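The structure appears right after this line, and notes come after that.
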Amino acid sequence: MNGLTFPNIDPIAFSVGPLQVHWYALAYLAGFILGGMVYANFVLKRWGKASPCSPETPEDILPWIIAGIILGGRLVYTLVYNPILYLHNPLDIFKIWQGGMSFHGGLLGTIAAVWLYGRAKKLPFLAITDFAAVVAPVGLFFGRIANFINGELYGRYTSMPWGVIFPSGGALPRHPSQIYEAILEGLILGLVLLFFARRKDAWTHAGLLSGIFLIGYGVSRIIVEFFREPDSQIGFLWEGITMGQLLCLPMIVAGVLIIARWKRLKN
């Protein structure tokens with residue numbers, strides 16, 4: 001069975017003396033700067049003038065969100081996806097450049113950070129999550145590309161001509177599920193959110209964009225999980241269902257409820 005050879009990109013982008021800068025770290029940095037500051041500022045100035053958030057809010061809240069994503073993402077990954085490994089090697093918890101971040105944990109950390117920031121600044125919670133939802137796909141796109149460069153989170157075996165033979169994935173080609181996720185969760189979901197962000201009522205009544213993001217990500221992730229190799233230490237839960245799919249169901253339900261609330265307020 002033929003397959004594409006993994007490009008085998010060095011996970012270390014460059015070194016400065018003893019300091020090694022990994023692509024994984026650069027991906028997060030690009031997501032925070034391009035998405036969390038540049039793109040968020042553009043969206044609020046262009047279409048979000050009716051939002052109680054100001055163009056300065058993205059830059060102001062960014063440190064809070066960075067802390068929430070890293071702490072939440074790493075904590076949930078270690079507790080849910082790999083507890084035994086980190087129980088025996090607790091110091092490895094801090095080696096985030098090696099990969100191992102849970103999106104759902106990062107989402108919970110972001111929600112906590114936004115809630116705390118909103119209380120401190122007296123801003124509505126959903127008003128903040130709306131602009132965060134619009135820019136989140138930028139970070140997701142770069143993050144999934146970094147997963148591909150790291151050769152991690154690859155897909156199941158496939159006979160499709162674009163299957164990739166990953167260094168740690170055996171001799172048979174696998175779905176490049178990281179690229180699927182970059183396209184669905186990053187590019188397509190980002191364009192959908194941008195389309196709705198152009199509506200004035202998306203900003204005069206908070207919640208629409210947050211709800212669309214939760215539903216869009218949840219559905220995208222559930223689809224990709226049918227092609228993605230489940231984590232070896234967890235495997236399938238039952239009837240082929242994965243942990244990622246299970247964790248996405250509450251997101252979709254929450255998204256539907258938030259949009260229903262938005263429609264009631266709008267009408």
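The values are calculated or read from the model by the stated rules, or taken from the named source; none is laboratory data. Note that the coordinates shown come from a computational prediction; the quantities given were computed from them, not determined experimentally. Here the Cβ positions follow ideal geometry from the backbone for every residue, glycine too, while neighbour counts run over all protein chains shown.
Among the conditions (1) touching a helix residue (DSSP H, G or I) at 6+ places or on another chain (Cβ under 7 Å); (2) surrounded by fewer than 21 Cβ atoms within 10 Å (Cβ to Cβ); (3) charged (D, E, K, R), the only one that GLU229 does not satisfy is (1). Filtering region 26-59 to residues that are free of Cβ contacts under 8 Å to residues at least 40 places away in the same chain and farther than 19 Å from PHE141 by Cα leaves LYS45, ARG46, SER54, PRO55, GLU56, GLU59.
For (1) within 29 Å of PRO55 (Cβ to Cβ); (2) touching a residue at least 12 places away in the same chain (Cβ under 8 Å); (3) touching an Asp or Glu at 6+ places or on another chain (Cβ under 6 Å), each residue gets a yes or a no:
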{"site": "ALA197", "(1), (2), (3)": "yes, yes, no"}
{"site": "PRO230", "(1), (2), (3)": "no, yes, no"}
{"site": "TRP238", "(1), (2), (3)": "no, no, no"}
{"site": "ALA254", "(1), (2), (3)": "yes, yes, no"}
{"site": "LEU265", "(1), (2), (3)": "yes, yes, no"}
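Among the residues making up region 173-209, those that are in contact with a strand residue (DSSP E or B) (Cβ under 9 Å, 6 or more places away or on another chain) and either buried (at least 23 other Cβ atoms within 10 Å of the Cβ) or outside any helix (DSSP H, G or I) (or both) are PRO173, ARG174, HIS175, PRO176, SER177, GLN178, GLU181. Checked against the criterion of being of a type in the set (Gly, Ala, Ser), surrounded by fewer than 23 Cβ atoms within 10 Å (Cβ to Cβ) and either modelled with pLDDT of 95 or more or assigned to a helix (DSSP H, G or I) (or both), the candidates GLY118, GLY170, GLY151, GLY143 yield just one match: GLY118.
When PRO124 is tested against (1) out of contact with any Leu (no Cβ under 7 Å at 6 or more places or on another chain); (2) at pLDDT below 85, exactly one condition is not met: (2). SER159 falls short on exactly one of the conditions (1) part of a helix (DSSP H, G or I); (2) touching a residue at least 40 places away in the same chain (Cβ under 8 Å), and that condition is (1). Tell me whether region 234-243 contains one or more residues that are at pLDDT 95 or above, more than 22 Å from the chain's Cα centre (by Cα) and either part of a loop (DSSP other than H, G, I, E, B) or of a type in the set (Gly, Ala, Ser) (or both). Scanning region 234-243 turns up no residue that is at pLDDT 95 or above, more than 22 Å from the chain's Cα centre (by Cα) and either part of a loop (DSSP other than H, G, I, E, B) or of a type in the set (Gly, Ala, Ser) (or both). Just wondering, is there one or more residues in region 251-266 that are farther than 22 Å from PHE195 by Cβ, hydrophobic (A, V, I, L, M, F, W, C) and buried (at least 17 other Cβ atoms within 10 Å of the Cβ)? Within region 251-266, none of the residues are farther than 22 Å from PHE195 by Cβ, hydrophobic (A, V, I, L, M, F, W, C) and buried (at least 17 other Cβ atoms within 10 Å of the Cβ).
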